[in-house]
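These notes are about the structure you will find just below.
The values are calculated or read from the model by the stated rules, or taken from the named source; none is laboratory data. For clarity, every value in this text was computed on a predicted model and none was experimentally measured. Because the Cβ atoms are built from the backbone with ideal geometry, glycine has one as well, and the counts that use them run over all protein chains shown. Ligands, DNA and RNA are stripped out before the accessible areas are found, and what is left, the full protein with its side chains, is counted by its heavy atoms. Shrake-Rupley method; radii C 1.70, N 1.55, O 1.52, S 1.80 Å.
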Amino acid sequence: MTTPSTPYNPSALETAVRATWQAGDVYTVTENKDKPKFYACSMLPYPSGKLHMGHVRNYTINDVMTRQLRMKGYNVLMPMGWDAFGMPAENAAMTHNVPPAAWTYDNIAYMKKQMQAMGLAIDWSREFATCQPEYYRWNQWFFLKMLEKGIAYRKTQIVNWDPIDQTVLANEQVIDGRGWRSGALVEKREIPGYYLNIANEKYAEELLKDLDDLGWPERVKLMQKNWIGKSVGVRFAFTHDIKNQVGELIQDGKMYVFTTRADTIMGVTFCAVAAEHPLATHAAQNNPELQAFIDKCKLGSVMEADMATMEKEGMNTGLQVKHPLTGEMIDVWVGNYVLMSYGDGAVMGVPAHDERDFAFAKKYKLDIKPVIVPLKHANQCENGGYENTTNISPKWDYEDENTTGIAQDGWKYDDTQWLPEHAEYGYCINSNIKDINSLNDCNFYRAIKIVANHLATLKLGELKTTYRLRDWGISRQRYWGTPIPLIHCESCGVVPVPEKDLPVVLPEDCIPDGSGNPLNKREDFLNVACPSCGKPARRETDTMDTFIDSSWYYMRYTSPNADSMVDERNDYWMPMDQYIGGIEHAILHLLYARFWTKVMRDMGLVKFNEPFKNLLTQGMVLNETYYREKDNGQKIWFNPADVEVEHDDKGRPIAAKLKADGQAVHIGGTEKMAKSKNNGIDPQALIEQYGADTARLFTMFASPPEQTLEWSDSGVEGSHRFLKRVWNFCQSQKDSIAALNTAELTPSAAAKELRFTVHTLLKQINFDYERLQYNTVASGCMKLLNELETACKNDTASLGKALPEAVSILIRALYPIVPHMTYQLWQDLGYANDLGDLLDVAWPECDASALERNDVTYMVQVNGKLRDQLTAAKTADKDVLQSMALALPNVQKFTEGLTVKKFIVVPNKLINIVV
Ligand code: ANZ
Ligand code: ZN
């Protein structure tokens with residue numbers, strides 16, 4: 001190979017190429033109706049300071065897709081923006097004594113530069129930060145619309161209160177029950193806040209059902225499904241005549257419970273209510289011991305995972321309620337495992353069949369009454385349901401029943417979809433109900449139906465669907481967020497800011513000091529005339545949850561500068577064709593964005609039901625960790641860049657020492673790159689050392705997009721070496737390519753062979769692009785280079801136009817991953833002149849005719865023994881084959897002087913000469 005005249009110099013090359021792109025404004029897209037559109041978007045980053053490897057990976061995936069589809073003829077949108085509100089900016093502001101706004105905008109400027117250095121095909125004309133009033137005014141506008149429709153509403157909420165800092169704390173600011181800054185024991189306070197009614201049956205059901213049609217990872221769909229947590233059961237009341245101090249019946253004399261196991265209703269031996277339940281409050285009034293217990297419960301966790309594992313504790317209230325079917329009086333306990341926020345905050349206790357109730361009953365020596373013979377003793381029916389085969393009462397056959405709701409809820413005998421957890425199934429025993437049919441011998445579904453019907457007749461209950469999903473609390477007692485557009489007036493109450501006065505602009509020069517929301521001290525922000533009566537009033541100082549910002553930013557990208565939330569351009573681009581982001585957003589962000597979209601639809605702002613057709617959750621980036629342990633057990637983590645590692649002959653790390661002092665450090669195993677483990681790699685340093693193309697190639701090549709990626713310095717170096725080889729090879733073929741550009745396509749067998757190999761690889765590469773498997777795209781390109789190098793070892797003239805074609809395929813196939821270098825090569829080798837700019841040149845498709853081999857290789861036998869082989873044209877007839885075969889030296893040896901008795905040809909395979 002001749003020495004190339006221009007050596008590969010990524011930093012100069014990449015800068016020059018990007019300057020060309022920028023000058024040509026080549027990544028701005030418009031709503032071109034002549035092309036199919038494709039909207040590919042990465043989850044918008046929080047401007048924390050600088051990019052990390054996870055960002056690099058995420059955006060490269062997005063960029064590869066964008067560039068490839070553009071060449072395939074799509075009108076592709078790849079936007080970018082900034083999730084700019086939120087707590088880290090407030091924390092940074094406290095540390096550095098700068099306003100969050102200044103800190104945020106500085107970070108944005110820096111990170112944008114870094115993104116630009118990666119050479120991403122972003123349409124920057126659509127960029128915005130969520131902290132800009134032009135964006136968040138629409139959060140405010142939409143919030144007011146939701147308020148009008150009743151989707152947004154006000155109720156009191158319990159918050160964490162730090163009594164020393166005099167501030168509300170977010171959950172993540174409470175560490176072991178104490179404020180993260182002050183260390184004070186955190187108290188619970190009830191304050192008013194705003195909620196969005198996502199747990200409304202209509203939306204919850206739709207959010208569940210529509211999951212089926214999404215091109216999302218199954219794992220993410222399942223996480224959403226579990227989060228929504230649908231339970232089908234019965235809600236009914238135990239009656240009582242317990243009156244409060246002013247003589248009114250508490251809750252109208254009905255203590256409601258929700259149960260998924262109404263078939264066990266005859267096994268109730270106690271009831272338990274949450275600490276916050278009205279009956280508990282009432283009973284505690286003259287019972288200090290109970291009050292103390294209630295206070296203790298309230299301090300505890302409200303996390304369900306904790307509820308499941310914690311020790312069950314309770315206390316008898318001394319109150320009794322009446323069982324609706326037996327008339328028996330049942331004791332009411334306060335139980336620490338009963339959640340006020342689920343169902344009705346009260347349960348019927350069935351210790352014989354519910355694990356939690358069982359633990360409770362054992363501890364407090366309550367009765368245990370079995371009413372179900374578990375499944376293992378019953379027979380499973382053919383249809384998947386369970387029946388006691390000995391005695392089925394046909395009267396209760398489900399199919400012909402015409403009653404409340406079971407059919408409407410879609411229950412079938414074989415519908416095991418909503419089988420609740422916690423308990424055994426089987427058929428009922430010990431369950432004679434006076435006056436109505438006995439439950440005995442009924443299976444789960446039938447028994448529930450009987451009970452539900454009977455409770456409905458008594459007007460005490462009905463079938464009910466409950467969701468674990470809670471309404472979305474959106475008020476934050478924080479400064480750096482979208483102001484909630486409400487005004488508090490002493491005479492008029494809570495008054496919405498009129499639409500014409502939007503946006504309510506957040507002052508950008510506050511510096512939080514840890515003593516609560518600084519807006520509370522900003523008289524210029526606070527004081528406002530009541531829009532309704534004109535009297536002096538005060539603005540709401542709570543701001544919105546930042547999940548609101550991320551619920552619809554991707555729609556604002558489609559409609560930059562629109563003077564409405566979105567405009568008709570949104571109809572062109574949405575729904576999004578490909579969303580790309582981390583699995584950590586599998587639940588909340590994606591669920592809220594889906595909900596928000598559905599509300600926008602119901603308000604006539606969009607015409608689709610779901611925002612993200614396809615979702616790719618990229619895998620985490622991992623790296624080795626190194627640490628030393630102090631005497632007190634505390635670990636100090638060292639950055640891999642500062643550590644020297646010794647490997648065994650299989651390449652496994654066996655020891656490591658710190659470069660600075662030459663002393664040993666422990667090898668801690670590979671973990672997600674994180675500040676806490678000090679095992680991050682700075683993308684900036686990587687780009688400076690090797691160029692963006694190497695960083696991009698390594699992150700694509702090292703593993704499939706959805707899987708974890710293990711950092712490897714040698715992998716980075718290998719990627720860089722490969723790019724150098726591509727560069728040198730292409731430059732060395734410059735003259736041949738120019739010379740062969742007008743030559744015949746396949747003047748020789750070698751040329752045909754080259755085309756066969758190249759198009760075979762291209763077929764694989766294109767298939768891998770299609771399924772977003774970019775790692776094997778990269779390895780396909782590597783094979784392509786190997787083949788080309790081999791084919792060009794000798795004289796290239798015989799390769800004809802197959803050579804320029806092959807090189808152009810290599811450049812194009814590699815371009816989406818490595819855009820800078822390939823862009824330059826495309827020009828240097830003259831392709832740009834012939835075929836046009838690389839960005840919009842047609843994507844190379846596999847030529848099927850190149851895969852057809854025209855020659856066939858035959859094994860040649862003499863009297864059944866293999867003697868030689870020959871290659872002939874597919875079209876060669878028997879006579880031609882015979883003369884070719886008999887001319888072979890090795891065949892001649894065995895046929896000399898003999899007559900050919902038979903000449904047999906097995907088409908495309910074998911020749912046998914019988915002599
Ligand atoms: C009696 C029973 C018997 C129950 C049995 C289960 C098994 P899922 O499936 O998760 O929706 N429950 C109802 N409200 C509750 C609350 N506020 N806090 C704690 N637990 C509550 O769970 C529904 C079941 O959880 C209900 O069915 C109820 O216990 C309990 F063998 O009622 B079950
Ligand atoms: Zn007023």
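Pairs linking a residue in segment 252-279 that is near ligand 1 (Cβ under 9 Å from one of its atoms) to a residue that is part of a helix (DSSP H, G or I), with Cβ atoms under 6 Å and 6 or more positions apart or on different chains, are ALA262/ILE448; ALA262/VAL451; ASP263/PHE444; ASP263/ALA447; ASP263/ILE448; ILE265/VAL451; VAL273/LEU279; VAL273/ALA280.
Here is a yes/no grid of residues against (1) modelled with pLDDT of 95 or more; (2) within 16 Å of ligand 1 (Cβ to nearest atom); (3) open to solvent by 60 Å² or more (accessible area, probe 1.4 Å); (4) under 30 Å from GLU218 (Cα atoms):
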| residue | (1), (2), (3), (4) |
| --- | --- |
| LEU506 | yes, no, no, no |
| ILE511 | no, no, yes, no |
| LYS535 | yes, no, yes, no |
| ASP549 | yes, no, no, yes |
| GLU584 | no, no, yes, yes |
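Looking only at residues that are under 24 Å from the mean Cα position of the chain (by Cα) and surrounded by fewer than 17 Cβ atoms within 10 Å (Cβ to Cβ) in segment 682-728, which one is nearest to GLN578 (Cα to Cα)? The extreme case among them is GLU706. Filtering segment 513-533 to residues that are near ligand 2 (Cβ under 10 Å from one of its atoms) and buried (at least 18 other Cβ atoms within 10 Å of the Cβ) leaves only CYS530. Among helices (runs of 4 or more DSSP H) entirely within segment 841-915, having at least 2 residues that are polar (S, T, N, Q), more than 60 Å from the chain's Cα centre (by Cα) and surrounded by 12 or more Cβ atoms within 10 Å (Cβ to Cβ) singles out 889-895. Restricting attention to segment 326-356 and to residues that are closer than 13 Å to PRO278 by Cα and open to solvent by less than 20 Å² (accessible area, probe 1.4 Å), the residue that is farthest from ligand 2 (Cβ to nearest atom) turns out to be VAL332. Going by what's in this entry, would PRO192 be described as of a type outside the set (Gly, Ala, Ser), closer than 18 Å to ILE587 by Cα and modelled with pLDDT of 90 or more? Spelling it out, it is not the case that PRO192 is of a type outside the set (Gly, Ala, Ser), closer than 18 Å to ILE587 by Cα and modelled with pLDDT of 90 or more.
When PRO485, PRO498 are screened for being surrounded by fewer than 18 Cβ atoms within 10 Å (Cβ to Cβ) and within 16 Å of ligand 2 (Cβ to nearest atom), only PRO498 passes.
Residues in segment 73-121 that are among the hydrophobic types (A, V, I, L, M, F, W, C), outside any helix (DSSP H, G or I) and open to solvent by 20 Å² or more (accessible area, probe 1.4 Å): 1 in all.
Among the residues of segment 540-587, just one is in a strand (DSSP E or B), within 24 Å of PRO483 (Cα to Cα) and in contact with a helix residue (DSSP H, G or I) (Cβ under 7 Å, 6 or more places away or on another chain), namely MET544.
Kindly evaluate PRO560 against the criterion of being at pLDDT 95 or above, under 30 Å from ASP34 (Cβ atoms), surrounded by 20 or more Cβ atoms within 10 Å (Cβ to Cβ) and not polar (S, T, N, Q).
Details: at pLDDT 95 or above: yes; under 30 Å from ASP34 (Cβ atoms): yes; surrounded by 20 or more Cβ atoms within 10 Å (Cβ to Cβ): no; not polar (S, T, N, Q): yes.
Here the answer is no, as PRO560 does not meet what is asked.
Residues of segment 57-68 include none that is surrounded by fewer than 22 Cβ atoms within 10 Å (Cβ to Cβ) and of a type outside the set (D, E, K, R). The number of residues in segment 286-311 being outside any helix (DSSP H, G or I) and modelled with pLDDT under 95 comes to 7. Evaluation of ILE61 against the conditions (1) modelled with pLDDT of 95 or more; (2) closer than 19 Å to ASP509 by Cβ; (3) within 26 Å of the chain's Cα centre (by Cα) shows that the sole unmet condition is (2).
Close contacts from segment 742-771, counting a first residue that is of a type in the set (Phe, Trp, Tyr) and a second that is modelled with pLDDT under 95 and crowded, with 18+ Cβ neighbours inside 10 Å, with Cβ to Cβ under 6 Å and a gap of 6+ residues or different chains, come to PHE756/ALA850.
How many of the residues making up segment 770-787 are closer than 14 Å to GLU706 by Cα and surrounded by fewer than 23 Cβ atoms within 10 Å (Cβ to Cβ)? Outline the logic, then answer.
Pass one, segment 770-787, residues closer than 14 Å to GLU706 by Cα: 771-776.
When the remaining residues are screened for being surrounded by fewer than 23 Cβ atoms within 10 Å (Cβ to Cβ), the result is 771-773, 775-776.
Count: 5.
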